[in-house]
């Protein structure tokens, strides 16, 4: 699958619906772990700086698209992107984005993942 096809699938309403029914953070992460589309994205990102930049740009484009006080409409998508970048060891390019996501209460799962990534990085730097 091409990067464009992966992005289209992950940003689709069908992808959003599959993950929106999950009620716990661990469930979301477990589902991401076994999802074929997310797995394909991880493979496409692993060791590929250009693809990592593409996903970073997608995250940056999606972050401002929300109404204050409401759940972010791209929460699942951004969660999948963060998850894939982390698994593909591309997360070090995301520090500023992770910090911004961690502060936005409109994100639900993405904020929890961003906070977890921040905590992991702090522990590694100790």
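The numbers here are math on the coordinates, done by the rules we state, and not lab data. Since we're looking at a predicted model, the values are computed, not measured. Positions of Cβ are generated from backbone atoms using ideal geometry, with glycine treated the same way; all protein chains shown enter the neighbour counts.
Overview of values
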| item | result |
| --- | --- |
| Distance in nm between pseudo-label sites at residue 30 and residue 95 (7 Å out along the Cβ direction from Cα) | 3.5 nm |
| Highest-MSF residue in the chain out of 52, 14, 43 [GNM, Cα springs under 10 Å] | 14 |
| Inter-label distance for residue 53 and residue 4, nm, one decimal - labels placed 7 Å from Cα along Cα-to-Cβ | 1.8 nm |
| Cβ-based exposure ranking for 56, 41, in which fewest neighbours within 10 Å come first | 56, 41 |
| Computed FRET value (nearest 0.05) for residue 13 with residue 124, which takes r as the C-beta separation and R₀ as 41 Å | 0.65 |
| Distance between modelled label sites at residue 105 and residue 43, nm, 7 Å Cα→Cβ extension | 4.2 nm |
